[in-house]
1. Please go through segment 46-78 and give me each residue that is surrounded by fewer than 18 Cβ atoms within 10 Å (Cβ to Cβ) and among the small types (Gly, Ala, Ser), ordered by number.
2. Name every residue in segment 79-101 that is within 23 Å of HIS35 (Cβ to Cβ), surrounded by 17 or more Cβ atoms within 10 Å (Cβ to Cβ) and not small (Gly, Ala, Ser), in order of residue number.
3. Would you mind finding the one in VAL33, VAL55, VAL50 that is touching a Lys or Arg at 6+ places or on another chain (Cβ under 7 Å) and modelled with pLDDT of 95 or more?
Amino acid sequence: MNSLFHRIVLTLLISISFVFGQAVAHGTDQDLVRHAMMAVFGKPTDPLNVEPVVVSGDYAVAGWVQSGKGGRAVLQKMHGHWSIMVCGGDGLKDAKALEQTGMSAATAATLAKSLAAAESKVSADKRKKFAMFDGILKVDAGHSNPHPGKPAIKHP
């Protein structure tokens, strides 16, 4: 019996190590979203801070701050890669606005609820910066951009 218990524990530890190793090797969706945004807007002299990031299925919403300004971005995972769909401010906290980007009502509701919870843990000053982005701006990153790896737009 003791030997069987050890085999079960060993099997569980190996399984957990494998799953954890896969997550680290491939990155979490939150990490991949941060990387996608930094690849488009990050600058060595002007770092982009991307936090919080919430994900539901193939959609994500991320808050960002750079140069004392900020906003939010909606991203979509297509063919295993995250692309920025739209940038905006407080409008992107609303499930109905998120739904207009093409995601299902259920996904939009999940993201809006998750974003509210995640942003409640962020400083009031940072939340004010997320609201600075005026309006909603469509970003065609990865779709019709003639220069892959470069942003289709420049954010403020």
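The values are calculated or read from the model by the stated rules, or taken from the named source; none is laboratory data. Computed from a predicted model, the values in this text were never measured in an experiment. Please note: Cβ atoms are built from the backbone with ideal geometry, for glycine as well, and neighbour counts cover all protein chains shown.
1. Hits for segment 46-78 are GLY57, SER67, GLY68.
2. Hits for segment 79-101 are TRP82, ILE84, MET85, VAL86, CYS87, LEU92, LEU98, THR101.
3. Result of the check over VAL33, VAL55, VAL50: VAL50.
Quick grid of which residues meet (1) part of a helix (DSSP H, G or I); (2) in contact (Cβ under 8 Å) with a residue 24 or more places away in the chain; (3) more than 17 Å from ASP58 (Cα to Cα):
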residue: TRP82; (1), (2), (3): no, yes, no
residue: GLY91; (1), (2), (3): yes, yes, yes
residue: LEU98; (1), (2), (3): yes, yes, no
residue: ALA106; (1), (2), (3): yes, no, no
residue: ALA109; (1), (2), (3): yes, no, no
residue: LYS113; (1), (2), (3): yes, no, no
residue: ALA118; (1), (2), (3): yes, yes, yes
residue: LYS121; (1), (2), (3): no, yes, yes
residue: LYS126; (1), (2), (3): yes, yes, yes
